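Chemist: Let me give you the structure first, and then I'll get to my questions.
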Amino acid sequence: MDITFKDLTKLWGKPINQEKIDLDLPIGFISTDTRTIEKGNFFVPLVGDKFDGHDFLGMACDIGIQAAIVAKEFNGLVPSGLPHWLVPDTLFAYHQIALLHRRKLNLPVVAVTGSVGKTTTRELIRLVLSSLGEIVSSRDNENNDIGVPKTLLRGSASDAAYVLEMGMRGLGQIERLSKVAEPDIAIITNIGQAHIGILGSRANIAKAKSEITTNLKPDGVVIIPFGDNLLEKALREKWSGRIVRVAIEDYSLDWLGSGDDDFAFNDIEPDYISQIDMQNNLIYFEKLKLKLPLEGRHNAMNFMMALTVATELGLSIKNLNKFNINMPKGRNRLVDYGKFLVLDETYNASPESVIASLELLVSKPGRHFAVLGTMLELGSESIKLHKKVFQRAVELGLTGIVFVSCGKESNIIKKIIKELPKHEVVRTPKDAALALLSWLTPGDNILIKGSRKLELEKVLPYLQQ
């Protein structure tokens, strides 16, 4: 960490107990968690609905922190002699430190958001850019107000670039993340119905995702899929800089809901357009033939966005046939269990991602089964969107579906899946596994996907056995 205590005085003035520290020294590793804090760290106590890091100031001081920041509203006792700054909001102060570090390093920052495929696209970009050197990328769920600055603070002068994932739970959050990251390139993978129960409409989702351009560098670029008119409209209200649009021949965005848009932009064309050969898992991008690192048309689009990032950064993409991507558990993982091929998508689910996974599933030779869980955060649209997904599953001709229900959708879904040879509605992952195992024979293909709350990863050990 190259930030010194003197740098912090430019943000908040002189610290209390200044005489206890050398202002020219680095502030050390920044910790927000006393469970992992070490001697010499700089402590940032964050405040949440059910916790207050200030309660652990004494413990942090006993461990040997150099200094800390403290919220002005904190009514407790600050350990005697501890050098500290009083700030209005410790989370905002954390963002200020991360932005200061980002500006000092001045590495290229690529930021990714979207309703579906954020993590996959993030990982593809990280791999495509890896020839530049070490890429600092979001890990796990580091896509929020705490995770994004944490990722930025991991960067060092020896690194080549940042790839940041940005999620949101409502309007304003991605705006804050854009302000702390100041991206050079922003990617919006798509606008679907994930979180529609929170935001109310695709229009509001498009507005929230477009916030990624809030502090996008004026000479920066935002990369989006061609053909989403709702996203075009939201972006034009927010961003006046460059927009790069990518497209794949014969690939429609209607499965994301874009076919419902009641307006059109006829003045635009895609900047990059590719062909894909799904049978041989190839993409033809800018006169190059490349192997797709992940299967599925939706993943081809994610890969194309990663290739576009590399092109925008001036990176040669001629030698990109030699890397393998290892996706996090529960995301886009095809696992061969010997007797069965399992598409492990247990991390989460939205209407768009379930349909994309179902279409990938049925591209495999053999019979096709799915364990699908309730999709949460769909609000008043829940019944309508569940019907849409399960009707699509029936259209695709699956052999059987187990629906793990935790809501009011079970009766309507039971009627829809009765058209399939095998069908069951259950309440728990164990019941789902038992129903599934009674149907399976060697050579079958299985998709397992549902919202995080349902913990459908608990089905996997039964299949392994």
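Chemist: Give the lysines reachable from Lys118 as a straight Cα distance under 16 Å; neighbours fewer than 8 places away on the same chain don't count.
Modeler: Leaving aside lysines fewer than 8 places away in the same chain, those within reach of Lys118 are Lys209, Lys329.
Chemist: Still on this structure, I have one more. Taking the Cβ of each residue in Thr119, Thr151, Thr428 as the centre, tally the other Cβ atoms inside 10 Å and list the residues starting with the fewest.
Modeler: Thr428, Thr151, Thr119
Chemist: Moving on. From the mean inverse distance of alpha carbon pairs (Kirkwood) and the Cα radius of gyration, derive Rg over Rh for the stretch 333-464.
Modeler: Dividing the radius of gyration by the Kirkwood radius yields 0.92.
Chemist: Straight distance only, please: which lysines reach the Cα of Lys20 with their own Cα at less than 30 Å, same-chain residues fewer than 8 apart left out?
Modeler: In chain and number order, the partners are Lys6, Lys10, Lys39, Lys72, Lys104, Lys150.
Chemist: Please report Arg297, Arg35 as a ranked list, fewest other C-beta atoms within 10 angstrom at the top and most at the bottom.
Modeler: Ranked by crowding around the Cβ, least crowded first: Arg35, Arg297.
Chemist: For the stretch 333-464, what is the relative contact order in percent, using Cα pairs closer than 8 Å and at least 6 residues apart in sequence?
Modeler: RCO, the stretch 333-464: 39 percent.
Chemist: Tell me the relative contact order for the stretch 5-91 as a rounded percent, counting alpha carbon contacts under 8 Å between residues six or more apart.
Modeler: Dividing the mean separation by the residue count of the stretch 5-91 yields 30 percent.
Chemist: Note down the relative contact order for the chain as a percent, whole number, built from C-alpha pairs under 8 angstrom at least six residues apart.
Modeler: It rounds to 11 percent for the chain.
Chemist: Another one. Would you list, by chain and number, the aspartates and glutamates whose Cα falls below 14 Å from the Cα of Lys318, excluding same-chain residues fewer than 8 positions away?
Modeler: Glu286
Chemist: What translational D, rounded to a whole number of µm²/s, comes out for the chain from Stokes-Einstein when the hydrodynamic radius is the Kirkwood one over Cα pairs, at 10 °C and 1.306 mPa s?
Modeler: After rounding, the answer is 66 µm²/s.
Read the figures in this text as sums done on the coordinates, not as results from a lab. Remember, it's a predicted structure, so these values are computed and weren't measured experimentally. Don't worry about glycine lacking a Cβ; one is built from the backbone with ideal geometry, like all the others, and counts go over all protein chains shown.
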